[in-house]
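What follows is a single structure, written as structure tokens, with notes after it.
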Amino acid sequence: MLSESDCPNTNSTTTSAVTAATDPNSPSPDLNPKPPSSSDDDFFSSASFASSSSSDDNNQTQIPPSSPTPPQIPISYPSDGILTRDWVMDLIIAFDWASRNLPPSELPSVLPVQVFDTLVLSASKILHKEPNCVSIEGFGPNSSVVVVGDVHGQLHDVIFLLREAGFPADDRFFVFNGDYVDRGAWGLETFLLLLAWKVFMPHRVYLLRGNHESKYCTSVYGFEKEVLAKYGDRGKHVYRKCLGCFEGLPLASIIADRVYTAHGGLFRSVTTTPLKRPKGKKNRKIILSPEANSLSLGSLEELSKARRSVLDPPWEGANLIPGDVLWSDPSMNPGLSPNAERGIGLLWGPDCTEAFLKKFNLKLIIRSHEGPDAREKRSGLGGMDEGYTIDHVVESGKLITLFSAPDYPQFQATEERYKNKGAYIVLEPPYFDSPVFHSFKAITPRPKVNPYYDYEDVIDSDEELDLASMVQSS
Ligand SMILES: [Mn+2]
């Protein structure tokens with residue numbers, strides 16, 4: 001674990017980084033927020049901003065009409081409790097602006113805790129009611145589905161993706177495959193912005209859980225410290241509410257009866273066998289089959305019965321399906337085997353992809369979870385330069401890995417960066433099973449901020465889970 005002194009995100013370093021990004025003539029940027037810099041002109045002159053309604057009941061600095069206008073802050077929740085497209089657009093603009101113009105500790109002046117609470121409660125209510133594997137259907141002739149992989153707190157790239165793909169709409173569905181937080185510096189803003197879309201369009205936007213939406217990962221890879229830095233003495237409250245919301249996120253989706261998506265991918269069967277027992281109905285014992293030689297592929301029915309409301313998916317015991325779905329990786333070797341590199345989840349071969357597709361009459365698996373750093377170490381599998389790879393091509397269909405965080409990770413110990421593109425997939429009628437890939441570059445320059453984790457000491461990818469530490473953090 002990082003000690004407090006290891007954490008580079010002290011107040012003094014944060015302030016210096018922020019000062020560099022703000023008007024040097026303004027000694028107190030907090031009290032007198034400046035309009036966005038010229039590099040933001042494109043964003044702030046957009047139709048989405050022009051269409052946003054805003055009340056004039058606060059004491060914002062007046063900006064000449066020709067200048068880009070700072071957002072109306074603080075954001076307040078609509079008095080009727082119903083989010084609108086304009087509200088979500090205003091939230092995007094406010095987060096983008098704050099990330100470039102305010103120190104992280106000023107986020108509560110943009111999004112007060114009460115507004116955070118209402119947004120997260122509204123989203124949690126919706127998410128907890130969704131099944132483990134959501135069925136996405138009911139499309140019209142012009143409907144499309146945008147599938148998004150890991151985004152890891154790279155707020156500006158997520159905003160770009162939404163703008164380029166087209167924001168969620170009646171005929172534009174979105175499925176996000178998890179890993180919203182950690183590593184990148186704007187995990188909280190990214191997650192909240194996606195929650196806002198979920199609350200506004202619950203039957204158009206689907207948010208699945210990634211392995212980073214957990215207590216263990218967020219305590220190691222930055223999100224917990226990010227929240228504490230941004231919300232100060234209310235930070236613990238905000239972090240706890242986020243963890244509660246993570247527990248509600250569904251694990252997988254099936255799009256148009258043909259496409260299975262999940263963060264990690266496939267999962268084992270956890271079939272239980274009642275022991276022979278003499279008489280009476282008490283003491284019914286259950287034998288689990290956790291050994292490698294008895295691993296078999298799980299069914300969608302088993303997936304639907306898993307208990308997903310856990311802070312950290314367990315790697316042992318009876319409830320193994322959530323850990324598999326969130327942590328597993330494909331392999332070029334046939335069969336199912338324990339994922340020794342990660343210490344949780346499985347490796348599955350092309351034969352398992354074929355068996356799963358065939359058994360459930362599917363054509364495509366879209367999973368995420370592996371960025372350029374992870375793929376550098378996986379012989380036999382493609383690199384993540386373009387933001388996606390086609391890993392298995394089998395008789396019944398394909399397995400794709402999709403990664404949507406370009407120029408990842410945001411903080412890196414070496415000079416040499418991966419310079420990977422991110423990608424998203426568009427699925428179109430009538431069958432939604434021929435993926436159209438869209439690769440995109442990172443937004444530059446990223447606002448300069450300090451990391452919230454010790455990126456030089458924390459291992460690159462998520463492999464080699466420190467299980468002992470996970471026990472303590474559970
Ligand atoms: Mn992941």
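The values are calculated or read from the model by the stated rules, or taken from the named source; none is laboratory data. Bear in mind the structure is a predicted one, so any value in this text is a computation, not a measurement. Heads up, the Cβs are rebuilt from the backbone with ideal geometry, glycines too, and the neighbour counts pull from every protein chain shown.
Report yes if some residue within region 172-193 is within 16 Å of the ligand (Cβ to nearest atom), assigned to a strand (DSSP E or B), within 28 Å of Arg446 (Cα to Cα) and modelled with pLDDT of 95 or more; otherwise report no. Explain how you work it out, then say what you get.
Start the filter on region 172-193 by keeping residues that are within 16 Å of the ligand (Cβ to nearest atom), which leaves 175-184, 187, 190-191.
Then drop every residue that is not assigned to a strand (DSSP E or B), which leaves 175-176.
The next check asks that each one be within 28 Å of Arg446 (Cα to Cα); those that pass are 175-176.
Cutting the leftovers down to modelled with pLDDT of 95 or more gives us 175-176.
Yes, region 172-193 has at least one match.
Scanning region 307-335 for residues that are crowded, with 23+ Cβ neighbours inside 10 Å and of a type in the set (A, V, I, L, M, F, W, C) yields Leu320, Ile321, Val325, Leu326, Trp327.
Within region 125-145, which residues are farther than 16 Å from Val88 by Cβ, in contact with a Gly (Cβ under 9 Å, 6 or more places away or on another chain) and either assigned to a helix (DSSP H, G or I) or not acidic (Asp, Glu) (or both)?
Lys125, Leu127, His128, Lys129, Ser144
Quick check: anything in region 216-238 in a loop (DSSP other than H, G, I, E, B) and either modelled with pLDDT of 95 or more or of a type in the set (A, V, I, L, M, F, W, C) (or both)? Show your work before the answer.
Taking region 216-238 first, the residues in a loop (DSSP other than H, G, I, E, B) are 221-222.
Narrowing further to those that are either modelled with pLDDT of 95 or more or of a type in the set (A, V, I, L, M, F, W, C) (or both): 221-222.
Yes, because at least one residue in region 216-238 is in a loop (DSSP other than H, G, I, E, B) and either modelled with pLDDT of 95 or more or of a type in the set (A, V, I, L, M, F, W, C) (or both).
On inspection, Tyr216 passes the criterion of being hydroxyl-bearing (Ser, Thr, Tyr) and surrounded by fewer than 24 Cβ atoms within 10 Å (Cβ to Cβ).
Close Cβ contacts (under 9 Å, 6 or more residues apart or on different chains) running from residues in region 182-205 that are over 16 Å from Pro104 (Cα atoms) to residues that are assigned to a helix (DSSP H, G or I) and of a type in the set (S, T, N, Q) comprise Leu195/Ser122; Leu195/Ser124; Lys198/Ser122; Val199/Ser122. Can you spot a residue in region 87-102 that is acidic (Asp, Glu) and at pLDDT below 95? Scanning region 87-102 turns up no residue that is acidic (Asp, Glu) and at pLDDT below 95. Taken together, the criteria place Thr190 among residues that are within 17 Å of the chain's Cα centre (by Cα) and among the hydroxyl-bearing types (Ser, Thr, Tyr). Taken over region 141-171, the criterion of being of a type in the set (Gly, Ala, Ser), at negative phi and within 16 Å of the ligand (Cβ to nearest atom) is satisfied by Gly149 alone. Within region 407-429, being touching a residue at least 60 places away in the same chain (Cβ under 8 Å) and under 30 Å from Asp257 (Cα atoms) holds for Gly422, Ala423, Tyr424, Ile425, Val426, Leu427, Glu428, Pro429. Which of the residues that make up region 214-238 are within 16 Å of the ligand (Cβ to nearest atom) and in contact (Cβ under 8 Å) with a residue 60 or more places away in the chain? Those that are within 16 Å of the ligand (Cβ to nearest atom) and in contact (Cβ under 8 Å) with a residue 60 or more places away in the chain: Ser214, Lys215, Tyr216, Cys217, Ser219, Val220, Tyr221, Gly222, Phe223. Evaluating Arg342 against the criteria (1) more than 15 Å from the ligand (Cβ to nearest atom); (2) surrounded by fewer than 24 Cβ atoms within 10 Å (Cβ to Cβ) leaves one unmet condition, (1). Report yes if Glu226 is under 30 Å from Ser299 (Cα atoms), of a type in the set (Asp, Glu) and touching a Leu at 6+ places or on another chain (Cβ under 7 Å), otherwise no. Criteria not met by Glu226.
Number of residues in region 194-211 that are within 15 Å of the ligand (Cβ to nearest atom) and touching an Asp or Glu at 6+ places or on another chain (Cβ under 8 Å): the value is 2. Residues in region 411-461 that are surrounded by 18 or more Cβ atoms within 10 Å (Cβ to Cβ), part of a loop (DSSP other than H, G, I, E, B) and in contact with a strand residue (DSSP E or B) (Cβ under 7 Å, 6 or more places away or on another chain): 3 in all.
Here region 99-115 is the region considered, the condition is being without any contact (Cβ under 8 Å) to a residue 40 or more places away in the chain and in a helix (DSSP H, G or I), and the residue that is farthest from Ser79 (Cα to Cα) is Val110.
Can we say Lys241 is touching a residue at least 24 places away in the same chain (Cβ under 8 Å), part of a helix (DSSP H, G or I), over 29 Å from Val146 (Cα atoms) and among the basic types (Lys, Arg)? Walk me through it before giving the result.
Numbers: touching a residue at least 24 places away in the same chain (Cβ under 8 Å): yes; part of a helix (DSSP H, G or I): yes; over 29 Å from Val146 (Cα atoms): no; among the basic types (Lys, Arg): yes.
No.
Mind counting the residues in region 309-324 that are in a loop (DSSP other than H, G, I, E, B), within 12 Å of Arg209 (Cβ to Cβ) and within 16 Å of the ligand (Cβ to nearest atom)?
Going through region 309-324, the residues in a loop (DSSP other than H, G, I, E, B) turn out to be 309-320.
Filter once more, so that each one left must be within 12 Å of Arg209 (Cβ to Cβ): 309-313.
Cutting the leftovers down to within 16 Å of the ligand (Cβ to nearest atom) gives us 312-313.
Qualifying residue count, region 309-324: 2.
For region 142-193, filtered to residues that are in contact with a strand residue (DSSP E or B) (Cβ under 7 Å, 6 or more places away or on another chain) and either aliphatic (A, V, I, L, M) or closer than 16 Å to Lys230 by Cβ (or both), the residue that is surrounded by the most Cβ atoms within 10 Å (Cβ to Cβ) is Val148. Annotation note: Cβ proximity below 6 Å between a residue of region 366-395 that is without any contact (Cβ under 8 Å) to a residue 24 or more places away in the chain and closer than 24 Å to Cys133 by Cα and a residue that is part of a strand (DSSP E or B) and away from the ligand (no atom under 12 Å from the Cβ) (sequence gap 6+ or interchain) occurs for Ile390/Lys398; Ile390/Ile400.
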